[in-house]
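Working notes, structure below.
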Amino acid sequence: MIVVPLGVASATPTAVRHLPSVALWREGSVFLFDCGENAQMRMLQAGIKRSKIEAIFISHFDVDHFSGLLGLVATLQLQRREKPLAIIGPEGLKEFVEYNLKFADIQPTYEINFHEIADDIESEVVHDADEYYVEARPLKHNKFCVGFRFQEKDKPGKVDADKAQKMGISEDAQYKELKAGNDVTLEDGTVVRSTDIVGHPRPGDSFAYVTDTEYTPNAVKLAMNTNILYHEATFGKDLEDKARETGHSSTADAARVATEAQTKLLVIGHFSARYTNEHDLLKEAREGFYPAWIANELRPIFTDPMHERGIITPKVEIKELNKKSGNKNYKGRKNHKSGGSKKKFRSRKGSSNRGKSNSSGGSSKRSSKDKYKRKTYGSSTYSANIKDSKEDSDSSSPRKITPRSSYDDFDRF
């Protein structure tokens, strides 16, 4: 199971964050949790095929959480998709999609299976398959909003092959029956019990998606003993009142849910645009729960790195937050293009100019202070670089983070 954040902004996109969407990859199938604007482009950039989408889960009807849905549905139509697509969300979702498809005169070549969630549920399995299911529970927002839990069903225990052979099991069909939990009767009438050959079932992996909510016990129930909990942390501790007012969570709320649910990994996302450095929020979350990580767009989070690493590879460079690129002319550098003047360099060692007296007749030896000011590195002065980098930092640059910090151990899990 691989989780890939596609957009980690809240309400409005920024220059480095996109609107909410998280993709979950499992055994070649993709499940999309929320579908903010530009979600399908982020999937391409993340190296995830849109044709592999099995189901789309919409948490609620704040526009930032479903504004990319219609574009994605239309793209799948243009790609001549044939297999059915499940779209799950609150009541009204089917009417919204079908109205817009009719308005745009789009007739899908594939079947869309809607599952609408009533606003009076306590808990509901909204998507069920042979090997997994998805559960929904209402959260606590200023409008009806649900969280989701993707749960793999328990996997069969391992077969003790040596013991099976000693008891007379030799055919593949017999092994399959035993692994499925069924007893096998041999030709001589001997009954080989599955419980004697097969070990205890292994619990499947799980993922919880909790967004746009105040603290609520339902969030804890969705996240209980999960491998990965993706929880919104829209605000820091300094704005907990703002979080209550808008129906959102703070970093402390996310940590509280993770602690009570005993999840293995907390991933925070859905950041307010007022925070330019998510590591400040991460530090607060880690005060209440560890391990906690930042949701970094397009960067995969693995439940089994040994076998999953390399399956999903981003097609674009993952840029570090607040990283500046390109050449920059410092104020201390002189532009010699105008006037046709050429740049003058200091004479090398052994030059004939070295040791000559200055125009005033004094010694050519400069003071230590003068030497420091004029010491050059490349084409600009050392002192000018220091001055200008400080000016740039003080004037407009946001707080910077150290690329590949200790918090960036995203693929150890």
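The set of residues in the range 230-263 being of a type in the set (A, V, I, L, M, F, W, C), touching a strand residue (DSSP E or B) at 6+ places or on another chain (Cβ under 8 Å) and in a helix (DSSP H, G or I) consists of Leu239, Ala243, Ala254, Ala255, Val257, Ala258, Ala261.
Within the range 64-87, identify whether any single residue is part of a strand (DSSP E or B), touching an Asp or Glu at 6+ places or on another chain (Cβ under 7 Å) and not charged (D, E, K, R), and answer yes or no. Taking every residue of the range 64-87 in turn, at least one turns out to be part of a strand (DSSP E or B), touching an Asp or Glu at 6+ places or on another chain (Cβ under 7 Å) and not charged (D, E, K, R).
One residue alone among Leu101, Leu19 is more than 19 Å from the chain's Cα centre (by Cα), at pLDDT 95 or above and either part of a loop (DSSP other than H, G, I, E, B) or of a type in the set (A, V, I, L, M) (or both), and that residue is Leu101.
Cβ-Cβ distances below 8 Å connect the following pairs, each with a first residue in the range 195-208 that is farther than 16 Å from Tyr175 by Cβ and polar (S, T, N, Q), a second residue that is at pLDDT 80 or above and part of a strand (DSSP E or B), and a separation of six or more residues or different chains: Ser206/Arg149; Ser206/Phe150; Ser206/Gln151; Ser206/Glu152; Ser206/Ile228.
Filtering the range 95-116 to residues that are open to solvent by 90 Å² or more (accessible area, probe 1.4 Å) and more than 25 Å from Glu135 (Cα to Cα) leaves Tyr99, Lys102, Phe103, Asp105, Gln107. Every condition in (1) in contact with a strand residue (DSSP E or B) (Cβ under 7 Å, 6 or more places away or on another chain); (2) over 24 Å from Arg50 (Cα atoms) holds for Val126 except the one numbered (2). Considering only residues in the range 1-20 that are in contact with a Lys or Arg (Cβ under 9 Å, 6 or more places away or on another chain) and within 21 Å of Arg274 (Cβ to Cβ), the one that is surrounded by the fewest Cβ atoms within 10 Å (Cβ to Cβ) turns out to be Val16. Of all residues in the range 142-151, those satisfying the criterion of being of a type outside the set (S, T, N, Q) and surrounded by fewer than 20 Cβ atoms within 10 Å (Cβ to Cβ) are Lys143, Phe144. Restricting attention to the range 166-205 and to residues that are small (Gly, Ala, Ser) and not in a loop (DSSP other than H, G, I, E, B), the residue that is least open to solvent (accessible area, probe 1.4 Å) turns out to be Ser194. When the criteria are applied in full, Glu232 fails the requirement of being among the acidic types (Asp, Glu), surrounded by 17 or more Cβ atoms within 10 Å (Cβ to Cβ) and modelled with pLDDT under 95. I'd like the full set of residues that are open to solvent by 10 Å² or more (accessible area, probe 1.4 Å) and outside any loop (DSSP other than H, G, I, E, B), limited to the range 220-229. Correct list: Val220, Lys221. Just the residues that are assigned to a helix (DSSP H, G or I) and farther than 16 Å from Ser249 by Cβ, please, taken from the range 281-313. Lys283, Pro305, Met306, His307, Glu308, listed by residue number.
Every residue, every condition in (1) open to solvent by less than 10 Å² (accessible area, probe 1.4 Å); (2) under 15 Å from the mean Cα position of the chain (by Cα), yes or no:
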{"site": "Cys35", "(1), (2)": "yes, yes"}
{"site": "Ala39", "(1), (2)": "yes, yes"}
{"site": "Arg42", "(1), (2)": "no, yes"}
{"site": "Arg50", "(1), (2)": "no, no"}
{"site": "Ala55", "(1), (2)": "yes, no"}
{"site": "Leu70", "(1), (2)": "no, no"}
{"site": "Leu78", "(1), (2)": "no, no"}
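Restricted to the range 275-297, and to residues there that are among the aromatic types (Phe, Trp, Tyr) and free of Cβ contacts under 8 Å to residues at least 60 places away in the same chain, the residue that is most open to solvent (accessible area, probe 1.4 Å) is Tyr290.
The values are calculated or read from the model by the stated rules, or taken from the named source; none is laboratory data. Just so it is clear, the structure is predicted and the values come from calculations on it, not from any experiment. With ideal geometry, Cβ positions are generated from the backbone for all residues, glycine too; neighbour counts draw on all protein chains shown. What goes into the accessible areas is simple: the full protein's heavy atoms, side chains included, and nothing from ligands, DNA or RNA. Shrake-Rupley method; radii C 1.70, N 1.55, O 1.52, S 1.80 Å.
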